[in-house]
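Let me begin by presenting the structure, written as structure tokens, before commenting on it.
The values are calculated or read from the model by the stated rules, or taken from the named source; none is laboratory data. What you are looking at is a predicted structure, and each value in this text was computed from that prediction instead of being measured. Methodologically, a virtual Cβ is constructed for each residue, glycine included, from the backbone with ideal geometry; neighbour enumeration extends over all protein chains shown. Accessible surface areas use protein heavy atoms only, side chains included; no ligands, DNA or RNA. Shrake-Rupley method; radii C 1.70, N 1.55, O 1.52, S 1.80 Å.
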Amino acid sequence: MHSTISNRLAVLATLLAAVASLAGLTVGGLYVDAPNWVQQAQGTDLATLFLAVPVLAAGLWTTSRGSSAGRLAVVAGLLYLVYNYAIFAFSVAINPLTGVHIAIFGLSLWSLVLAGRSAVEGAEGVTEHLNRRAAGGLLIGVSAIFGLLWLGQIATVATTGVLPPDVIKAGISTNPVYALDLSFFLPLSAIAGIGLLRRNSAAAFAFPMLVWIPLMGAGVIGGFLLMAAGGDEIALPIVVGISGLSVASSVLAALALARPESISLSPTGRRPVSVE
């Protein structure tokens, strides 16, 4: 029952995300925030409409046909929606779509909660085909790099009282990314990476996080491109770094799907844990 309800909530969240992101890109004046924050919101809309929604749609369809990889892709897509629509719900100025943004956040979160452990059941069939060292190292590296970056920025503000330039440009008093990354998403990335290296059950989250990274990266890069189009200077090394991490993560996830065995469940719905 919970699995059926979870899937229905995921479908509804996906449909609403498609509508909200399309509106964000096409309805003039919808966002009433500072120009920089609007550009970042629309960068997220680009990634949502052209990457996250297709990933979720494909994942939901293949899940209905018994694909363990599809189920894991849905987890990645839902994590993406939870992350970004938490930001839309709490840090984007109230606008005609605020209720929709809150609904997407809630539907995605409850879909994951109701699915529980079943969301990553059968992950062994995909996980066993990952390059454990490369994928584990990337997931741990992403967690360490951005964790240290955000902690450094928080420490600087705490000791100097001066907000980071990107926060000032966005017209906000704090960056919601600090809380979301440091409290949940970066620890989950590190746990999944360590799980891969140690070959324990936490490795079940490795594939979803490898998909989540390029989805998030696309939104960030989209925001940078819109900023550049608006005449703002952007940090090219950051763009290159995020692009490189996104491409590497995408390649590692794609290689895990290269073998047909990683796509479908076994007749029992599970695969044996690799004992390499």
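Answer yes or no: is there a residue in segment 99-116 that is closer than 19 Å to Gly223 by Cβ, assigned to a helix (DSSP H, G or I) and open to solvent by less than 20 Å² (accessible area, probe 1.4 Å).
Yes, some residue in segment 99-116 is closer than 19 Å to Gly223 by Cβ, assigned to a helix (DSSP H, G or I) and open to solvent by less than 20 Å² (accessible area, probe 1.4 Å).
Identify the single condition in (1) open to solvent by 20 Å² or more (accessible area, probe 1.4 Å); (2) within 26 Å of Arg71 (Cα to Cα); (3) touching a Gly at 6+ places or on another chain (Cβ under 8 Å); (4) not polar (S, T, N, Q) that Asp181 does not satisfy, given that it satisfies every other one.
So Asp181 meets the others, but not (1).
Among the numbered conditions (1) touching a residue at least 24 places away in the same chain (Cβ under 8 Å); (2) in contact with a His (Cβ under 8 Å, 6 or more places away or on another chain), tell me where Ala57 comes up short.
Looking at each condition in turn, Ala57 falls short on (2).
Could you please find all residues in segment 17-34 being modelled with pLDDT of 95 or more and either outside any loop (DSSP other than H, G, I, E, B) or over 15 Å from Ser91 (Cβ atoms) (or both)?
Across segment 17-34, the qualifying residues are Ala17, Ala18, Val19, Ala20, Ser21, Leu22, Ala23, Gly24, Leu25, Thr26, Val27, Leu30.
Can you tell me which condition Gly125 does not meet? The list is (1) surrounded by fewer than 13 Cβ atoms within 10 Å (Cβ to Cβ); (2) more than 21 Å from the chain's Cα centre (by Cα), and all the others hold.
Failed condition: (1).
For the structure I just gave you, tell me whether Gly223 is under 23 Å from Arg117 (Cβ atoms), crowded, with 18+ Cβ neighbours inside 10 Å and modelled with pLDDT of 90 or more.
Details: under 23 Å from Arg117 (Cβ atoms): no; crowded, with 18+ Cβ neighbours inside 10 Å: yes; modelled with pLDDT of 90 or more: yes.
Taking the combined requirement at face value, the residue does not satisfy it.
Does segment 242-276 hold any residues that are at pLDDT 95 or above, out of contact with any helix residue (DSSP H, G or I) (no Cβ under 7 Å at 6 or more places or on another chain) and farther than 18 Å from Leu72 by Cβ, and which are they?
Gly244, Val247
Kindly indicate whether any position in segment 141-155 is touching a Leu at 6+ places or on another chain (Cβ under 7 Å), in contact (Cβ under 8 Å) with a residue 24 or more places away in the chain, open to solvent by less than 70 Å² (accessible area, probe 1.4 Å) and aliphatic (A, V, I, L, M).
Yes, the conditions are met somewhere in segment 141-155.
Given the residues Ala58, Ala52, which is the only one that is in contact with a helix residue (DSSP H, G or I) (Cβ under 8 Å, 6 or more places away or on another chain) and open to solvent by 10 Å² or more (accessible area, probe 1.4 Å)? Give the derivation first.
Working: Ala52 fails: open to solvent by 10 Å² or more (accessible area, probe 1.4 Å).
Matching residue, one of Ala58, Ala52: Ala58.
Looking at Thr14, Thr4, Thr62 in this structure, which one is part of a helix (DSSP H, G or I) and under 30 Å from Thr174 (Cβ atoms)? Explain how you work it out, then say what you get.
Details: Thr4 fails: under 30 Å from Thr174 (Cβ atoms); Thr62 fails: under 30 Å from Thr174 (Cβ atoms).
Being part of a helix (DSSP H, G or I) and under 30 Å from Thr174 (Cβ atoms) holds for just one of Thr14, Thr4, Thr62, which is Thr14.
Kindly indicate whether any position in segment 37-44 is assigned to a loop (DSSP other than H, G, I, E, B) and over 19 Å from the mean Cα position of the chain (by Cα). Walk me through it before giving the result.
First pass over segment 37-44, keeping only residues assigned to a loop (DSSP other than H, G, I, E, B): none.
No.
Go through (1) within 27 Å of Glu233 (Cβ to Cβ); (2) of a type outside the set (Ser, Thr, Tyr); (3) open to solvent by 70 Å² or more (accessible area, probe 1.4 Å); (4) assigned to a helix (DSSP H, G or I) one by one and return the number of the condition Val162 breaks.
Single failed check for Val162: (4).
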